[in-house]
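First up is the structure itself, then whatever we jot down about it.
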């Protein structure tokens, strides 16, 4: 009897937590009417008292708030920040908020917050830290009374948007007013905003114009354990800003327990009684809601991790009790393929072995949001009453590792790989590679199984391999990235001594050297390492320096309108869709836009078609018919608009060559070189291979290209490092243009010997001959 | 070092008077290859060479070769530090900027308190298949083990082989010694029989010496098994030889065929008057006693024979000496080793 009660209450609880509308990461998906103040019931109960306390926070003393005071203010009846009556929905959410683990330590948090400038906060996913801590801070920091803001950074755009929406609901305000978000190319904040969720990259950009971040009274760096490039740079900056602004509060939030590194990094030196003391930043840890997870290893290493993963998933479905499965794979293609295979095998199991129904969902970054949301659908019920339980399988990338919380997962299958960005300054290649994960990552993955009840994690490698082959921590992004953009930002941020800039994990010296060299070739930095005018201008654009320089130089080539479109197209996900089920048709459709001289031009053609009146009449239908991604095109449109604004502000002319002019496409191709002269490859002999200029790496044109291999010289947008090296998005160019447009990079006196130099010398002679002929006439 | 070379080349032309130059040049003269006047290529040769070179350039290398080349090129680029080549580094403007900021080659970036800062970029390793984590190292481990095991096996076999060869050589040597001992034994036995026969005849009629030793007609089984093999082999050889001879001599007939019509002269001419060869009577018979003896190890057979010689004839096979008495006082012992 009692037992039954426990299970039923448990079920109710799990039902409550699996309700996606309660998930802070998904709140942007749900149209809620919490913000409609008019239809709030139950206000009458409080109205009488409400008037007497016009502003519940008026008597609060800044940085002296107690949890008790805050609770009282939260209890209403009026919204302490807007003085509006609180809605019923607010109180409903308040109830769940009070259940969150962080809430138990609110006073502890406040005490620590009061006593220190920099605080490290560790809370596992599900502790509620992302939504609650910023609110705890609001009630203590009272930014609205001081004309300041509280900022909370997120590594991902989607997270910033969703969490902002959720917190707006929790605070009973309209998104974009008291609570807003700011991400690249999208800003939803207003004059009333006191809490701003933003990507870490956005805060960094803001710092470029406001080095002391004077708008903010408190900055919260969330998900610091992810160690994104921007977070690392921000930490370095904040260390310096903290010295200049003793009033600024900083909270570093991490989901993993390696917080000592953060504490140590934020050590401050204090002089007490003429003695310098080194004090580490204090730490507050809040346990998450976790259950034990049993970990299983394989006896022997797997020959094919994908095949082994599919086998494991199906075995779990056949033999294990109820509970959903989360499988980690590396990329879109692998995931889609796995989903298909699991679904096929499961159908057979259902038919032949009376297994329960199984639903399979993919999950990766480029998946449309509507499809991403499906992962929160509840598992299917048994096909007949009393039959074997149904379950869902989510096959995802490492998005599912920390940032997304999916309840109901009991089984985790971890093959131990993920796709990671790598950069090597020696070959100047930044690419995504499948690599083994770290031990910390593996632990995070396992933890996903224990969210609802005790779970199991199946690691598809041996225990010895786990101990010996996996590195302790994933390398932070700063060690795996081309730093040209970062260096430009740092320069703009006023960091002149890049060598001694105190980063948590400084990159290899060669990486900085390459970045400086690249910026020098792009004429963004002079030989002394100072920002040039072009560099100043380029740093205004939230783009890679090469793209920014290309855009800034485009008026000289009479095609700034086109380059603006192209830059936008290169900044968004792939616009051409090529579903596995209709490859041929997709290719046929792409052929309609194909330009023989290059993929950049093809993209531009597609965009122009999309912007045509016919397509705009029914954009959705047009995209569907032509296998174009509406989402990518729309976001390209948005990016274009933002960039256009910056162009106008920077007084860069927006011009076009007449479309009927035979130089129309030539100008565009020449303008590409102005930014991408360091990404040129020349055909090697008579085969299909190309050699990259200066770095001398053999590459092939990516199979997706519409360019024939006859082109002697190509400019490429991306180097794809796989077992074969590809260059993707290529357009043919001419050697003469290279010498003409980028004479410093193509200075033949210093150019390394080889075929490429010989070819360039021939081109130079040709130019001289032509000049001589012209001069003679 | 570099400076020294510089001084040498820079100072020599100015410091040394022209008279000394010859001598100087002589001292450090470089002996060049005798200059063969370069043969002028004919037009055809040039054309052929050009065609060959063009073909080489235009040849599409096999995929595997190309991929291997690419991989090695990539590996080489990845492993070479940009700072290691001082000439290249000195030209790098990025590095020059860093130097202005106070960067010293070999040090890391960041705060000096940060001891864990890296100086090398993170390595890149390309995953080429879907092998699980630990598979590569497992493969390597297995491969290593296999190689080790193979090494052991080869070594073990090598030991066996040496041992076998040594044993075989030893056996051959012992067989040789045994054969020699057999000959000694037969001779001694023959001599003794003769002396006995001589003494017996001397007793009856003193016909003196000159008596030829007849072909042994003694049945093999009466010969001591210790050296019977020698006699047997000789008899067999004799028989084979005889049969071959007879076969060749007697064209179409059986050698033993006695044609009654043939006249005596003819017979003589054909070499048939000779006594027909008669083998030892039991040559064709089975000899289990000998077989048993031969099955023994040569060392054993030799030992028995040597013992026999000592006991019967006071002869030491190793001393090669017949001692006057049974005691054989001066002989060091029975075995070969004792005679070393």
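The values are calculated or read from the model by the stated rules, or taken from the named source; none is laboratory data. The model shown is predicted, which means the values in this text are computed figures rather than measured ones. Note that we place each Cβ from the backbone using ideal geometry, even for glycine, and neighbour counts take in every protein chain shown.
Among the residues that make up the stretch A:744-755, is at least one of them assigned to a helix (DSSP H, G or I) and at pLDDT below 90?
Of the stretch A:744-755, the ones assigned to a helix (DSSP H, G or I) are A:755.
Checking which are at pLDDT below 90 leaves us with A:755.
There is at least one residue in the stretch A:744-755 that is assigned to a helix (DSSP H, G or I) and at pLDDT below 90.
Would the stretch A:304-315 turn up any residue that is away from every other protein chain (no Cβ under 14 Å) and out of contact with any helix residue (DSSP H, G or I) (no Cβ under 9 Å at 6 or more places or on another chain)? Before you say what the answer is, go through the steps one by one.
Keep residues of the stretch A:304-315 that are away from every other protein chain (no Cβ under 14 Å), which gives A:313-315.
After this cut, where a residue has to be out of contact with any helix residue (DSSP H, G or I) (no Cβ under 9 Å at 6 or more places or on another chain) as well, the list is A:315.
For the stretch A:304-315, residues away from every other protein chain (no Cβ under 14 Å) and out of contact with any helix residue (DSSP H, G or I) (no Cβ under 9 Å at 6 or more places or on another chain): present.
Could you pull out the residue among A:442, A:464, A:446 that is in contact with a strand residue (DSSP E or B) (Cβ under 8 Å, 6 or more places away or on another chain), outside any loop (DSSP other than H, G, I, E, B) and within 11 Å of chain B (Cβ to nearest Cβ)?
On the way: A:464 fails: in contact with a strand residue (DSSP E or B) (Cβ under 8 Å, 6 or more places away or on another chain); A:446 fails: within 11 Å of chain B (Cβ to nearest Cβ).
The conditions single out A:442.
Those residues that are over 23 Å from residue A:518 (Cβ atoms) and facing chain A (nearest Cβ under 7 Å), I need them from the stretch B:98-116; list them, please.
B:111, B:114, listed by residue number.
Residues being part of a strand (DSSP E or B) and closer than 30 Å to residue A:270 by Cα: count how many of those fall in the stretch A:67-122. Walk me through it before giving the result.
Here is the first cut: in the stretch A:67-122, the residues part of a strand (DSSP E or B) are A:78, A:85, A:118-122.
Next, from what is left, pick out any that are closer than 30 Å to residue A:270 by Cα: A:118-122.
Residues meeting the conditions: 5.
In the stretch A:140-243, which helices (runs of 4 or more DSSP H) lie fully inside it and hold 3 or more residues that are over 30 Å from residue A:633 (Cβ atoms)?
Working: elements: A:143-146, A:157-170, A:200-209.
Answer list for the stretch A:140-243: A:143-146, A:157-170.
Hey, can you tell me all the residues within the stretch B:315-337 that are more than 21 Å from residue B:301 (Cβ to Cβ) and out of contact with any helix residue (DSSP H, G or I) (no Cβ under 7 Å at 6 or more places or on another chain)?
Of everything in the stretch B:315-337, those that are more than 21 Å from residue B:301 (Cβ to Cβ) and out of contact with any helix residue (DSSP H, G or I) (no Cβ under 7 Å at 6 or more places or on another chain) turn out to be B:321, B:323, B:324, B:325, B:326, B:327, B:329, B:330.
Go through B:95, B:83 for me and flag whichever is farther than 27 Å from residue A:720 by Cβ, assigned to a loop (DSSP other than H, G, I, E, B) and facing another protein chain (nearest Cβ under 7 Å). Spell out the reasoning first.
On the way: B:95 fails: assigned to a loop (DSSP other than H, G, I, E, B).
Going through B:95, B:83 in turn, just one is farther than 27 Å from residue A:720 by Cβ, assigned to a loop (DSSP other than H, G, I, E, B) and facing another protein chain (nearest Cβ under 7 Å): B:83.
Taking the residues in the stretch A:450-461 that are more than 7 Å from chain B (Cβ to nearest Cβ) and part of a loop (DSSP other than H, G, I, E, B) as candidates, determine which candidate is nearest to residue A:126 (Cα to Cα). Write out each step before concluding.
The initial filter retains those residues of the stretch A:450-461 that are more than 7 Å from chain B (Cβ to nearest Cβ), namely A:450-459.
Narrowing the set further to residues that are part of a loop (DSSP other than H, G, I, E, B) leaves A:451-454.
Details: A:451: 8, A:452: 11, A:453: 14, A:454: 15 Å.
Within the stretch A:450-461, the match that is nearest to residue A:126 (Cα to Cα) is A:451.
Check A:405, A:366, A:330 and return the single one that is assigned to a loop (DSSP other than H, G, I, E, B) and at pLDDT 90 or above. Give the derivation first.
Working: A:405 fails: at pLDDT 90 or above; A:366 fails: at pLDDT 90 or above.
When all the criteria are applied, what remains is A:330.
Looking at (1) out of contact with any strand residue (DSSP E or B) (no Cβ under 7 Å at 6 or more places or on another chain); (2) surrounded by 13 or more Cβ atoms within 10 Å (Cβ to Cβ); (3) under 30 Å from residue A:423 (Cα atoms), which one does residue B:179 not meet, given that it meets all the others?
Failed condition: (3).
For the structure I just gave you, tell me whether residue A:657 is assigned to a loop (DSSP other than H, G, I, E, B) and in contact (Cβ under 8 Å) with a residue 12 or more places away in the chain.
On the way: assigned to a loop (DSSP other than H, G, I, E, B): yes; in contact (Cβ under 8 Å) with a residue 12 or more places away in the chain: yes.
Answer is yes for this residue.
Filtering the stretch A:678-695 down to residues that are away from chain B (no Cβ under 11 Å) and part of a strand (DSSP E or B), which residue is nearest to the chain's Cα centre (by Cα)?
Only one residue fits best here, namely A:680.
Right, residue B:73: surrounded by 12 or more Cβ atoms within 10 Å (Cβ to Cβ), without any contact (Cβ under 8 Å) to a residue 60 or more places away in the chain, within 60 Å of the chain's Cα centre (by Cα) and at the interface with another protein chain (Cβ under 8 Å from one of its Cβ atoms) or not?
Details: surrounded by 12 or more Cβ atoms within 10 Å (Cβ to Cβ): yes; without any contact (Cβ under 8 Å) to a residue 60 or more places away in the chain: yes; within 60 Å of the chain's Cα centre (by Cα): yes; at the interface with another protein chain (Cβ under 8 Å from one of its Cβ atoms): yes.
When the stated conditions are applied, residue B:73 passes them.
Which one of these does residue A:736 not meet: (1) buried (at least 20 other Cβ atoms within 10 Å of the Cβ); (2) away from chain B (no Cβ under 14 Å); (3) closer than 26 Å to residue A:517 by Cα?
In the conditions (1) buried (at least 20 other Cβ atoms within 10 Å of the Cβ); (2) away from chain B (no Cβ under 14 Å); (3) closer than 26 Å to residue A:517 by Cα, residue A:736 misses (1) alone.
Filter the stretch B:117-140 for residues that are surrounded by fewer than 12 Cβ atoms within 10 Å (Cβ to Cβ) and more than 7 Å from chain A (Cβ to nearest Cβ) and give the result.
B:123, B:129, B:140
So, in the stretch A:696-713, of the ones that are within 14 Å of chain B (Cβ to nearest Cβ), under 25 Å from residue A:522 (Cβ atoms) and surrounded by 19 or more Cβ atoms within 10 Å (Cβ to Cβ), which residue ends up modelled with the lowest pLDDT?
A:697
Looking at (1) over 34 Å from the mean Cα position of the chain (by Cα); (2) within 17 Å of residue A:134 (Cβ to Cβ); (3) modelled with pLDDT under 85, can you tell me which one residue A:27 breaks?
(1)
Does any residue of the stretch B:152-162 turn out to be within 55 Å of the chain's Cα centre (by Cα) and facing chain A (nearest Cβ under 8 Å)? Please lay out each step first, then the result.
Restricting attention to the stretch B:152-162, the residues satisfying the condition of being within 55 Å of the chain's Cα centre (by Cα) are B:152-162.
Imposing the further condition that a residue be facing chain A (nearest Cβ under 8 Å) reduces the set to none.
Scanning the stretch B:152-162, I find no residue that is within 55 Å of the chain's Cα centre (by Cα) and facing chain A (nearest Cβ under 8 Å), so the answer is no.
Could you look through the stretch A:468-498, keep only residues that are surrounded by fewer than 19 Cβ atoms within 10 Å (Cβ to Cβ) and away from chain B (no Cβ under 11 Å), and pick out the one that is nearest to residue A:207 (Cα to Cα)?
Ranking the candidates gives A:494 first.
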